[in-house]
Amino acid sequence: MFGRREAAEEATTEIEYEAPVEYETPPGIEIEEIDEDGGDESSEAITPAIRQLVRERLMRRIEPSVAVRMRRDRLRARIGAVVAEIANDERLQLNGREQEQLADEMLDDMVGVGPIEPLLADETITDILVNGPSQIYVERFGKLEITNVSFRDNAHVLHVAQRIAASVGRRIDESSPMLDARLADGSRVNAIANPLAIDGVSMSIRKFPKRRAQFGDMVRQGNLAPNVARVLEIASACRLNILVSGGTGSGKTTLLNAMSRLISPKERIVTIEDAAELQLQQPHVVRLETRPANTEGSGAITQGDLLKNALRMRPDRIILGECRGAEAFDMLQAMNTGHDGSMSTLHANTPRDALVRLENMLLMGAVNMPLIAIRRQIAGAVHLIVQIARMRDGMRRIQSVTEVVGMEGEVVVTQELFIYEFDGEGPDGKLMGGFKSTGVRPRFLDKARMYNLDAALVDAMK
């Protein structure tokens, strides 16, 4: 069904990148327990009964509807004063440090995400996984660690999930027990509640670094090689349509964010997502977000709906956060009708699987087209597939850059421009290898010549 051309001799080239931050990634993906003497330690003097008492008194003094409109520093000062008054009036045996700790907890409960607020503030953590009120894991440098952080009970977890949902105009309860949302900082939240979550409310939070992704940082970290980065820069400048393919947690959105920085600030970009995560810095960006159905099952706005509307908004490029259903047809139509340089992600383990998934999406979308016509649509719309994976040492690396060449008979033909080759494993468990150019002549070399980038492309492919 899908063909691939043979690669020529392999070679690499060096390009200088400046990256102010260097990260050290521990090898392996293991489960470790965070030291109980760490920053999450709670004073034994603050009992559950004291917390409940202070919370009840505090809610009488500060209305939650008023609290959400206050500046955080002013609200914290107000809560601190009220906690001190309550401790004095109720003769609670709490010293100054314990009162401050209790005030911080109350602040996080009122306007934050409760006890996991410190985990959100920790920039070394990439994922927060809540399996009910008393089991919370985090991912740090590709390794899972169980924390000693906990919620009061399942109702507390649900309360936090409902506040997150309300902040983006959504809901989570027994009648609507699944939630996809985002926090103010762009972190993605998925939550699932009773009756679907048998052991209590579950939340998964995918954090995104405050420092926006840049190719320089990714090269420095070993996510990709300098010449791979240069080819992707040229591909973006030449307005190729690019798919980022990979598994769950492989870094697709992070890579898409980094690639979006290559787009000219003079272009008008429309982004479409289920939960807005992309962090584009260009001045002319319109961000669109889907809307789920209401309790009556109506009012849903899908990615397909937004894509059709985006075509009327005079976009230079369209970036679809994730392509996973019937909207694939509208995305390919956009790519084929003057919106070159568009980008999207999809879940697939290989570039070939990505093409098969696209084909299946079009077939499931009730597109009344013969299979050969569908494949021609794909071959004409998609130019590059960038495959990324989280490898067993915890590092996220680009596995390959594959060019869609076109059709030969009924076959979509591709050729690999770069591949990551394993050379073994170091004593620390870190994978050893390198990014290799296959040495083939990119089909988009002629297009690069139109942008006066053909010499740079040839140099990067050496």
Checklist line | Residues that are charged (D, E, K, R) and under 21 Å from Glu322 (Cβ atoms), drawn from the range 223-261 | finding: Lys252, Arg261
Next item on the list: Take Ile388 and decide whether it is of a type in the set (Val, Ile, Thr), at pLDDT 90 or above, in a helix (DSSP H, G or I) and in contact with a strand residue (DSSP E or B) (Cβ under 7 Å, 6 or more places away or on another chain).
Entry: no
Checklist line | Those residues of the range 85-105 which are of a type in the set (Gly, Ala, Ser) and either surrounded by 11 or more Cβ atoms within 10 Å (Cβ to Cβ) or at pLDDT below 85 (or both), in sequence order | finding: Ala87, Ala103
Check: When the range 158-207 is examined, which residues are found to be part of a loop (DSSP other than H, G, I, E, B), small (Gly, Ala, Ser) and surrounded by fewer than 18 Cβ atoms within 10 Å (Cβ to Cβ)?
Finding: Gly169, Ser175, Ser176, Ala184
Check: For the range 319-336, does any single residue satisfy the condition of being of a type outside the set (Ser, Thr, Tyr), within 26 Å of the chain's Cα centre (by Cα) and in a strand (DSSP E or B)?
Finding: yes
Check: Looking at the range 416-439, is at least one residue touching a Phe, Trp or Tyr at 6+ places or on another chain (Cβ under 7 Å), over 30 Å from Gly325 (Cβ atoms), surrounded by fewer than 20 Cβ atoms within 10 Å (Cβ to Cβ) and hydrophobic (A, V, I, L, M, F, W, C)?
Finding: yes
Item checked: Those residues of the range 406-419 which are at pLDDT below 95 and within 19 Å of Ala460 (Cβ to Cβ), in sequence order -> none
Margin query: Would you confirm whether or not the range 310-317 contains a residue that is part of a loop (DSSP other than H, G, I, E, B), buried (at least 19 other Cβ atoms within 10 Å of the Cβ) and in contact with a helix residue (DSSP H, G or I) (Cβ under 9 Å, 6 or more places away or on another chain)?
Written below: yes
Note to self: Condition first: assigned to a loop (DSSP other than H, G, I, E, B), surrounded by 13 or more Cβ atoms within 10 Å (Cβ to Cβ) and without any contact (Cβ under 8 Å) to a residue 24 or more places away in the chain. Now tell me which residues in the range 344-375 satisfy that.
What the structure shows: Met369
Note to self: Out of Ala275, Ala258, I need the residue that is crowded, with 18+ Cβ neighbours inside 10 Å, in contact with an Asp or Glu (Cβ under 6 Å, 6 or more places away or on another chain), touching a residue at least 12 places away in the same chain (Cβ under 8 Å) and assigned by TED's automatic domain parsing to the domain that holds Leu232. Which one?
What the structure shows: Ala275
Check: Do the conditions hold for Val68, that is, is it β-branched (Val, Ile, Thr) and under 37 Å from the mean Cα position of the chain (by Cα)?
Finding: yes
Margin query: Can you say whether Gly394 is touching a Phe, Trp or Tyr at 6+ places or on another chain (Cβ under 7 Å) and either in the same structural domain as Leu144 (by TED's automatic domain parsing) or modelled with pLDDT under 90 (or both), as far as the supplied structure shows?
Written below: yes
Notebook entry, point to check: Can you pull out the residues in the range 144-157 that are assigned to a helix (DSSP H, G or I) and polar (S, T, N, Q)?
Noted result: Asn154
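The values are calculated or read from the model by the stated rules, or taken from the named source; none is laboratory data. Predicted model, so just to flag it, every value in this text is computed and none were measured. Methodologically, a virtual Cβ is constructed for each residue, glycine included, from the backbone with ideal geometry; neighbour enumeration extends over all protein chains shown.
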